[in-house]
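The values are calculated or read from the model by the stated rules, or taken from the named source; none is laboratory data. Everything numeric here is computed off the predicted structure, so don't read it as measured data. Using ideal geometry, Cβ is built from the backbone for each residue, glycine included, and neighbour counts are taken over all protein chains shown.
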Amino acid sequence: MFFIEDIWQMLCFDCSGSKTMFSSESLLQTITDSMSNIRCQSLEPENCRDESAALKLKPIAIASILVAGVAGVAIPLIGKYRRILRTDGSLFVAAKAFAAGVILATGFVHMLADGTEALTDPCLPEHPWSKFPFPGFFAMIASLLTLLVDFLGTQYYERKQGLARGSREGKIRVGLLGTDSEPGIVPLLEGKDSSVKVFGTEEDGGMHIVGMHAHAAHHRHSHPHGQDACEGHGHSHAHDHGSGDEDDDNGTRHVVVSQILELGIVSHSVIIGLSLGVSQSPCTIRPLIAALSFHQFFEGFALGGCISQAQFKTLSTTVMACFFAITTPIGIGIGTAIASSYNSYSPAGLITEGVLDCFSAGILVYMALVDLIAADFLSKRMSCNFRLQVVSYLMLFLGAGLMASLAIWA
């Protein structure tokens, strides 16, 4: 709309009614200026520009980031077979809090800041990019879409898990009918209340045998809360009957979380890899190697922990881990291949990079706050262990602070 108004002003008539001469040169100049690359060249200092030196550093960057990513994602996957690194241990919870801080700072300080810088660059046309806060808008849309995907994915896997559980319970009930029942036990399979009954004595002294899910829910709700719950009163009885269903529910959550987290990480890994690959300045590449290796290691650690807790099959686990580890190196390789022809400061490059950065920021912020930080810090385990609370909060702030401080160099 604003662009049309600008054109109309150039075509308008003067007050006397005489037509002003249409300036084709002025219109052409307006369009050319808005899309020109003259003012949109690399901001890297000319004295640091050295293509041959930059080319030598890029294989080092690929190797360093690849090793860091593999190490980060592998530690939780291998550690679940070692007592000290098990995913249900306090050490893992504290390390995961550090990784959550790294991811949160990546979203807020790095990705959102980079997206804002790209979408407010003077190389872009004034309309509409300077008339609306697109960076925050794109990040908000990404967070809401992530919430929707999170909800739908959880519903899908819970429904799938429920069907499998119902099938198993049906087989158990059929097996019970085929055996000789003991006196005083009545296998109740019919009737409108059969799905909600729990173990209990009826008026005739019989006892109902029902689904484990209802029984587990009954005992979970009957247990004491607050300090008594932390001290473990009635705790062992819950584990006897309800731990299987709780594991199924937690596994469903971790399946969804790990997949969405990988989506957010991979989407921005391509961008940061591409940015490093197209750079021709050793002054820019050297700090990026250290920053991205640190960043890749702890993102991999958080992702590996989620994958481990989701209990995927070996093939799925390997594919997800490898896909994460190679994404940034592939981005660097692509950037290196197109470095001579690609101008990341062109309007098209700025818009693409800015939109993807903002979307990545929205996904990472949502995942860090909702599925990593809130899920652990609001858990019963954390509330019942003061020492773990203190250590986890310190690690969370330390991870966020260190990752944020890297913005000074990269």
message = Just to be sure I understand the filter: pairs with C-beta atoms under 6 Å, separated by 6 or more residues or on different chains, first member in the range 51-69 and more than 8 Å from residue 329 (Cβ to Cβ) and aromatic (Phe, Trp, Tyr), second member modelled with pLDDT of 95 or more and exposed (fewer than 14 other Cβ atoms within 10 Å of the Cβ). Which pairs pass?
response = none
ask   = When the residues of the range 29-65 are filtered to those that are within 31 Å of the chain's Cα centre (by Cα) and polar (S, T, N, Q), which remaining residue is modelled with the lowest pLDDT?
value = 42
message = If the requirement is being more than 12 Å from residue 262 (Cα to Cα) and surrounded by fewer than 17 Cβ atoms within 10 Å (Cβ to Cβ), which of these qualifies: 338, 326?
response = 338
request  = Would you check if there is a residue in the range 115-128 being surrounded by 14 or more Cβ atoms within 10 Å (Cβ to Cβ), part of a helix (DSSP H, G or I) and at pLDDT below 90?
outcome  = yes
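So which of 349, 362 is at pLDDT 90 or above, more than 20 Å from residue 75 (Cα to Cα) and in the same structural domain as residue 262 (by TED's automatic domain parsing)?
Numbers: 349 fails: at pLDDT 90 or above.
The unique qualifying residue is 362.
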inquiry  = Being crowded, with 16+ Cβ neighbours inside 10 Å and not in a helix (DSSP H, G or I) is the filter here; which residues of the range 386-410 pass it?
reply    = 410
Failed item, numbered, when residue 68 is tested on (1) in contact with a Phe, Trp or Tyr (Cβ under 8 Å, 6 or more places away or on another chain); (2) modelled with pLDDT under 85; (3) not hydroxyl-bearing (Ser, Thr, Tyr) = (2)
